[in-house]
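**Q** Quick one: structure below, then a few questions.
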Amino acid sequence: MSTAYFAHPSGLAHVTPPGHPEQVARLQAIAAVIDTPRYDALIRTEPPVAADEDIRRCHPQAYIDRIAGAIPGAGWAALDGDTHLCPASMEAARRGVGGCLKAVDMVLAGEVKNAFAAMRPPGHHAETETAMGFCLFGNAAIAAKHALDHHGLSRVAVVDFDVHHGNGTQDLLWDEARALFVSTHQMPLFPGTGAHTERGAHGQIVNVPLPPGSDGSLMRRITDEVILPALERHAPELIIVSAGFDAHRADPLASLDWETEDFAWITERLCDAADALCGGRLVSTLEGGYDLAALAASVAAHVDVLIKRGG
């Protein structure tokens, strides 16, 4: 067994306007660490281009067509104040979805034990018919639906530790009883959702808002007291992780005080849960993280654990 790793040049071609925090340099910073001999154990796999039928598991065709139709011939097109398209954005977004789907396929086929998709744009803010928060398609939610509907799983779980609430994943899985969605996130903070009272149509959504300034010790307690018991109750056959690294104390867009080792710790605990509940089967996808040095170090810590646990 081993760890699959997904990256593609299309993620570098998704160029945002100068000064935008969700920038090409994010993947370059990750590559500077991961594309070294230390990570030769990774099974490097090209993310395929997701077809419309794959994306339609969560988004209607009219929405897909609207995004495709907004792609500019040059420069940028703004979908809102934060979310931009360039000529290469559609391929990048489709490969972001495709990487997650291929990761699910490989993990469920037993080709690898776990996987990490280092792609952009991220996905957890994309709602059913609304692109927002740098996100176009709901990568993690589509992967969950793929596991359920294509592979015939009975239960999956999505755990999101990005500093921002995964409102898109919540929206896309709100009515899906087979999918547990658990999110830790700073509150108050964009996008303003993620209260304890947002429980999903079947009580299968667990939101854990964290106060500004809180550090990894609170996250660790919440993980042990809330997240892991929720996973145990749901008993998923696959765990999908929305891995945002912007809860790091150095991140410019939020105010949590996690350290790099906190990301290693939560990855270990989620791998523990995967080992106990679903044969170690875990798929992780990149979400946020906007301080480049902190992002690179935190991704390395995350991938180090996946490699160790995938061996």
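**Q** Working only within segment 245-270, note down all residues that are assigned to a loop (DSSP other than H, G, I, E, B), surrounded by 23 or more Cβ atoms within 10 Å (Cβ to Cβ) and out of contact with any Asp or Glu (no Cβ under 9 Å at 6 or more places or on another chain).
**A** none
**Q** If we scan segment 193-203, do we find a residue that is touching a helix residue (DSSP H, G or I) at 6+ places or on another chain (Cβ under 6 Å) and of a type outside the set (Ser, Thr, Tyr)? If you could, list the steps in order and put the result at the bottom.
**A** Taking segment 193-203 first, the residues touching a helix residue (DSSP H, G or I) at 6+ places or on another chain (Cβ under 6 Å) are 193.
Of the ones still in play, those that are also of a type outside the set (Ser, Thr, Tyr) are none.
Checked segment 193-203: no residue is touching a helix residue (DSSP H, G or I) at 6+ places or on another chain (Cβ under 6 Å) and of a type outside the set (Ser, Thr, Tyr).
**Q** Right, next: Does segment 210-218 include one or more residues that are closer than 19 Å to ASP251 by Cβ, of a type outside the set (A, V, I, L, M), touching a helix residue (DSSP H, G or I) at 6+ places or on another chain (Cβ under 6 Å) and not in a loop (DSSP other than H, G, I, E, B)?
**A** Looking through segment 210-218, at least one residue is closer than 19 Å to ASP251 by Cβ, of a type outside the set (A, V, I, L, M), touching a helix residue (DSSP H, G or I) at 6+ places or on another chain (Cβ under 6 Å) and not in a loop (DSSP other than H, G, I, E, B).
**Q** Then there is this: Which residue pairs have Cβ atoms under 6 Å apart, sit 6 or more places apart or on different chains, and have a first residue in segment 158-181 that is among the basic types (Lys, Arg) and a second that is assigned to a helix (DSSP H, G or I)?
**A** Partner pairs satisfying both residue conditions: ARG178/LEU148.
**Q** Cβ-Cβ under 6 Å, sequence separation 6+ or interchain: first residue in segment 24-37 and closer than 18 Å to GLY244 by Cβ, partner small (Gly, Ala, Ser). Which pairs?
**A** Close Cβ pairs satisfying both conditions: LEU27/GLY11; ALA29/ALA296; ILE30/ALA118; ILE30/ALA296; VAL33/ALA296; VAL33/ALA300.
**Q** ASP65: among the acidic types (Asp, Glu), at pLDDT 95 or above and closer than 18 Å to GLU91 by Cβ, yes or no?
**A** Taking the combined requirement at face value, the residue satisfies it.
**Q** May I ask you to verify whether VAL163 is under 17 Å from the mean Cα position of the chain (by Cα), under 14 Å from SER255 (Cβ atoms) and buried (at least 23 other Cβ atoms within 10 Å of the Cβ)?
**A** It is true that VAL163 is under 17 Å from the mean Cα position of the chain (by Cα), under 14 Å from SER255 (Cβ atoms) and buried (at least 23 other Cβ atoms within 10 Å of the Cβ).
**Q** Can you run down the residue pairs with Cβ atoms below 9 Å, 6 or more apart or on separate chains, where the first is in segment 289-311 and free of Cβ contacts under 8 Å to residues at least 12 places away in the same chain and the partner is of a type outside the set (Gly, Ala, Ser) and in a helix (DSSP H, G or I)?
**A** Note: pairs meeting the criteria are LYS308/GLU268; LYS308/CYS271.
**Q** Right, something else. What are the residues in segment 1-21 that are buried (at least 17 other Cβ atoms within 10 Å of the Cβ), part of a loop (DSSP other than H, G, I, E, B) and not polar (S, T, N, Q), if any?
**A** ALA7, HIS8, HIS14, VAL15, PRO21
**Q** Please go through (1) in a helix (DSSP H, G or I); (2) of a type in the set (D, E, K, R); (3) within 19 Å of VAL303 (Cβ to Cβ) for ARG120 and return the number of the only condition it doesn't satisfy.
**A** It fails just one condition, (1).
**Q** Just to be sure before I move on: is SER242 among the hydroxyl-bearing types (Ser, Thr, Tyr) and either in a strand (DSSP E or B) or in contact (Cβ under 8 Å) with a residue 60 or more places away in the chain (or both) in the structure I sent?
**A** On the way: among the hydroxyl-bearing types (Ser, Thr, Tyr): yes; either in a strand (DSSP E or B) or in contact (Cβ under 8 Å) with a residue 60 or more places away in the chain (or both): yes.
So SER242 fits the description; yes.
**Q** Can you pull out every residue in segment 47-63 that is in a helix (DSSP H, G or I) and either in contact (Cβ under 8 Å) with a residue 40 or more places away in the chain or more than 25 Å from VAL104 (Cα to Cα) (or both)? So that I can check it myself, show each step before the final result.
**A** The first filter runs over segment 47-63 and keeps only residues in a helix (DSSP H, G or I), leaving 52-55, 61-63.
Result: ASP54, ILE55, ALA62, TYR63.
**Q** Sticking with this structure for a sec: Looking for something touching a Leu at 6+ places or on another chain (Cβ under 8 Å) and either in a loop (DSSP other than H, G, I, E, B) or more than 28 Å from ARG281 (Cβ to Cβ) (or both) - is there at least one such residue anywhere in segment 95-115?
**A** Yes - at least one qualifying residue is present in segment 95-115.
The values are calculated or read from the model by the stated rules, or taken from the named source; none is laboratory data. Here the structure is a predicted model, which is why all the values come from computation and not from measurement. Virtual Cβ from ideal backbone geometry, glycine too; neighbours counted across all protein chains shown.
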